[in-house]
Every structure is written in structure tokens, then in C-alpha cells.
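Engineer: Here you go, one structure.
Every read-out reported here was derived from the displayed coordinates using simple, explicitly stated rules and does not represent laboratory data. A quick note: this is a predicted structure, and the numbers were derived from the prediction, not measured. Positions of Cβ are generated from backbone atoms using ideal geometry, with glycine treated the same way; all protein chains shown enter the neighbour counts.
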Amino acid sequence: MINIVRSIVDAIYRDRRLLAAIIVINIAGSLFGAYYYWEQLMMTPVYLWIFVPDCPLYTLFMIFALLLIIMGKPSDTFNAITSVGLSMYGTWTVLVLLYFSEIYFRPANSLLSSAMLISHIGMALECVLLLPYLKNVKTVSWVVAGAWFLVQTIVDYFLWFIRDGDLMRTHPLAIMEYYTRGHYVIDKLAVKLDTMMYVTFAMVVVFLALNYILAKTWPANDPRLLKTEAIAVKNESGN
């Protein structure tokens, strides 16, 4: 399996047109994500904006991660955060769409939700493009990545702010939570939201570990890995 994945990654990095297409797709995804979260952003204090658009944030990070790789200046910590974010929140969104299917797959929403389901599966999978650059990442980068997602999840679910006299949070389902408060379905929805909170915390651990394990199993003779090691040695010699 790892050889098949490596072959796909090789093909993408060899063909700059494919790499450019992936960057363009991520730009489009980030722009659509900004549009999708716009109402929630306008309802959220500016200092909390970075915690609102989870998926668009990591597709945006992926753009810069790939550009840094193309320039020969990959960032270990940034790549670790981006890879975990893509895989975790891509999968998280798929779970949410299915878990709240009574909302997302109503006739009026089914087309958009189907497109989102497919696009977020792609988002979760594109983290493999960063695996060659994560094999020899130092432990501190993984610790920083873990701390980043732990803080993000704590803020999403435990930091409340006042919006028009009512309480609101920053997690991706906060709009749904805000507008249904006081509605007859709130008890059922509240239970599901609490479930997703626990799932999200678990996913931080699972996807951090998964990315670490997959990165460590990446073939050591990968030319991108060897090139990265050569650059690191050169930089250390220069210092």
C-alpha cells in the first residue's frame, strides 16, 4: 500500500501541472470555506477568527506548505500541523455530514452536502503529499502540533462569548447551535454536539499518532527526503 501511495505522490511532484492544480483546488476550497463560514465569522470577535474556519484554514496552510516545498524550504512544524489538520478535519467533516444527515442531506441541502462529502474526503487524503517531509521531523514539531490542536479544540468547545445577549462558541457547528437554541430539537442536538466534542478530542490524539506513524513508515530512500536531509546538513554547516 505504501508503495502505491508513494507512486501517486511521485507522479504529482514530478508533474508541476498536477501540483499547480492541487494548489488551485486548495485556493478554491479556501475561498469557498471563507464564504461558507462568513456569517459565523461576522458573529465572532476578530481575535477568535483563527479558531472558526477549521477546514479552510488547513487548505490555506496546504497552499503555503506546497509553495515552501517547491522553493526548497519546507517547514517541519508547519508541515506537521498542516498534515494533521487536513486529515483530521477532512475526516471530521465527513463524520459530521453523516452524523447530522437529517439536516445536511435534506432535499434542499443534499447536492451541496454530497459535494462537500467528496471534497473533504479529498482534503483528508491530500495529507499524503506531506508525508515524505515528515519522516525525520523532530519530536518538538509533533509536540507543537499536538499543543496547537489541543488549544484549538479547547477554545472551540469551552470558550464562550456573548453575541447579542446570547452565548456562542467557535466550533464549526456553532451556527447550528446558536439558531436552534430554544427549539424543540435542542435536546437531541445538544447530545449530538456533546458527542462531537468528545469525538474531536479523541481525533486530535488519533490523527496526531496516525500522521506520525505514517510519516515514520515512509521509505527512507525517497529522493525528496534525501534532498531535504542534504539541505538540513548544508544549513547546519553554514551555521
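Engineer: Residues with amide H under 5 Å of VAL52's amide H, sequence separation 5 or more or different chain, H placed in the peptide plane at 1.01 Å from N; which?
Structural biologist: Here the answer is none, since no amide H 5 or more places off falls under 5 Å of that of VAL52.
Engineer: Could you give the angle, 0 to 90 degrees to the nearest 10, between helix 76-99's Cα long axis and the longest principal axis of the Cα atoms of the chain?
Structural biologist: Tilt relative to the chain: about 40 degrees.
Engineer: For a test of the definition: using alpha carbon positions, the gyration tensor, and the 1.5 limit on a/c, classify segment 102-191 as rounded, prolate or oblate.
Structural biologist: Numbers: a/c = 3.69, a/b = 1.44, b/c = 2.55.
Cα axes put segment 102-191 in the oblate bin.
Engineer: I would also like to ask the following. So if each residue of separation counts as 0.36 nm, and I subtract the Cα-Cα distance between ALA21 and GLU102, what length gain in nm does that give?
Structural biologist: 25.8 nm
Engineer: Follow-up. Given that compact globular proteins tend to follow 2.2 N^0.38 Å, what is the ratio of the alpha-carbon Rg of segment 1-159 to that value? Present the calculation step by step, with values, prior to reporting the outcome.
Structural biologist: Numbers: Rg = 16.4 Å, N = 159, 2.2 N^0.38 = 15.1 Å.
Scaled against compact globular proteins, the figure is 1.08.
Engineer: HN-Hα J couplings of segment 3-15 from phi, Karplus 6.51/-1.76/1.60, θ = phi - 60°, integer Hz, Gly and Pro as x?
Structural biologist: 5, 5, 4, 4, 4, 5, 4, 4, 4, 5, 6, 6, 9
Engineer: Helix 110-125 versus the longest principal axis of the chain: what is the Cα-based angle in degrees, 0 to 90, to the nearest 10?
Structural biologist: 30 degrees
Engineer: With an 8 Å cut-off on Cα pairs and a minimum separation of 6 or more residues, tell me the relative contact order of segment 1-93 in percent. Please report the intermediate quantities before stating the final value.
Structural biologist: Working: 52 pairs, mean separation 23.2, N = 93.
Relative contact order, segment 1-93: 25 percent.
Engineer: Quick one: net charge around THR139, please, counting Lys, Arg +1 and Asp, Glu -1 for every other residue with C-beta under 14 Å from its C-beta. Mind dumping the intermediate values first?
Structural biologist: Details: positive: LYS135, LYS138, LYS216; negative: ASP76.
That sum, taken over residues with Cβ under 14 Å, equals +2.
Engineer: Let me ask something additional. Quick one: which residues, 5+ away or cross-chain, put their amide H under 5 Å from the amide H of ARG163? H built at 1.01 Å from N.
Structural biologist: MET168
Engineer: Now for a separate question. Using alpha carbons only, how many angstrom separate the centre of segment 1-69 from the centre of segment 72-110?
Structural biologist: Computed from Cα coordinates, the inter-centre distance equals 11 Å.
Engineer: On a 0 to 90° scale, report how tilted helix 223-238 is relative to the longest principal axis of the chain, with both axes built from alpha carbons and the result rounded to the nearest 10.
Structural biologist: It works out to around 80 degrees.
Engineer: Nothing charged except the Cβ atoms of Lys and Arg (+1) and of Asp and Glu (-1): what's the magnitude of the dipole of the chain about its Cα centre? Round to the nearest 20 debye. Present the calculation step by step, with values, prior to reporting the outcome.
Structural biologist: Values: 17 positive and 16 negative charges, 133 e Å.
Dipole about the Cα centre, nearest 20: 640 debye.
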